Amino acid sequence: QLVETMTNVEFNIKLNYSIPSDGIAHTVAVKSDKLPATYVHYLVPKLDSEAFLLARVTGWENLNLLPGKANLFYEGTYVGETVLNPSVINDTLDLALGKDNGITVTRTRLPVKEANKLLGSDITKTISWELRFKSNKSKPVHLIVEDQAPLSNIATIKVAMKDQGNASYNTTNGLLKWDFNLDPKAYKALKFTYE
């Protein structure tokens, strides 16, 4: 039973528990709820070649959650702990469920093309990266992929995006972001190029 006052929330536990007096901390269930969630695989191939599974939970605002550790179960199996942060402003709460080996990614730098300008000593280098994804899943998966093109804070070096590969591109921090679905047992390649 939940009792809410102006400054706090109280849980009156109506279940009977036998707790041994052995000096060890014991955990008891206070409340159990099921919430709708959508699942997304989050990848940053520049930093890690593995996908991370996120559960995006909605409808959590009325649960009076407290910040802290939470045990996670995915498809009935304990997958570990996460940290709850109910002070987020969004209506969606993201819970990290850990690495998922069912999605593989490789990030490969393609051969650099170099060209000299006819006048002056300027050299132009064209650099391309290819990201290759493979799904070993039996169902379609939703992927969010982030990468980054370099930015220059030196006046004599200029970086220009030539092909962002259908990604959204943030010119302020160089962030490239793709959001797409990958079919079961399918491959997909993405490429971006800058000079």
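The values are calculated or read from the model by the stated rules, or taken from the named source; none is laboratory data. Remember, it's a predicted structure, so these values are computed and weren't measured experimentally. Cβ: placed from backbone, ideal geometry, glycine included. Neighbour counts: every protein chain shown. We work out accessible area using only protein heavy atoms, side chains counted, and drop any ligands, DNA or RNA first. Shrake-Rupley method; radii C 1.70, N 1.55, O 1.52, S 1.80 Å.
Rounded to the nearest 0.05, what FRET efficiency do Ala189 and Ala29 give with R0 = 30 Å and r taken as the Cβ-Cβ distance? Could you check?
For R0 = 30 Å, the calculated efficiency reads 0.05.
Have a look at Ala96, Ala115, Ala160 and tell me which one the Gaussian network model of the chain (Cα, springs below 10 Å) gives the largest fluctuation.
The residue with the greatest mean-square fluctuation here is Ala115.
Under 20 °C and 1.002 mPa s, how fast does region 60-139 diffuse according to Stokes-Einstein, given a Kirkwood radius computed over C-alpha pairs? Answer in µm²/s, whole number.
The diffusion coefficient I find is 120 µm²/s.
If you build the convex hull over the alpha carbons only and average its shadow over all orientations, what do you get for region 62-195? Give it in nm² to one decimal.
One quarter of the hull surface, i.e. the mean projection, equals 12.0 nm².
Of all the accessible heavy-atom surface of the chain, with the other protein chains kept in place and a 1.4 Å probe, what percent is carbon and sulfur? Show your work: numbers first, answer last.
Working: 7080 of 13790 Å².
Carbon and sulfur atoms account for 51 percent of the accessible area of the chain.
With every protein chain kept in place and ligands, DNA and RNA left out, what is the accessible area per residue of the chain? Probe 1.4 Å, answer in Å².
The answer is 71 Å² per residue.
Out of Thr58, Thr126, Thr156, any idea which swings most in a Gaussian network model of the chain, alpha carbons joined below 10 Å?
Thr156
With a cap of 15 neighbouring Cβ atoms within 10 Å, and only residues DSSP puts in a loop, list the trypsin sites (Lys or Arg not before Pro) found in region 1-60.
Qualifying residues, ordered by number: Lys14, Lys31, Lys34, Lys46.
In the chain, what % of DSSP beta bridges are antiparallel (nearest 5)? Show your work: numbers first, answer last.
Details: 55 of 58 bridges.
In the chain, DSSP labels about 95 percent of beta bridges as antiparallel.
Name the residue from Leu151, Ala167, Leu190 whose Cα lies farthest towards the positive end of the charge dipole of the chain, charges +1 on Cβ of Lys and Arg and -1 on Cβ of Asp and Glu.
About the Cα centre, the residue reaching furthest to the positive side is Leu190.
Listed highest first by mean packing, meaning other Cβ atoms within 10 Å per residue, what order do 63-70, 127-134, 35-42 come in?
127-134, 35-42, 63-70
For the chain, with only Lys/Arg (+1) and Asp/Glu (-1) charged at the beta-carbon, what is the dipole magnitude about the Cα centre, in debye rounded to 20?
Working: 22 positive and 21 negative charges, 180 e Å.
Dipole of the chain, to the nearest 20 debye: 860 debye.
Looking at the square roots a ≥ b ≥ c of the eigenvalues of the Cα gyration tensor of region 90-135, which shape do they give, rounded for a/c under 1.5, prolate if a/b is larger than b/c, or oblate?
oblate
Using a Förster radius of 30 Å, what is the FRET efficiency between Val57 and Val159 based on their Cβ-Cβ separation? Nearest 0.05, please.
It comes out at approximately 0.20.
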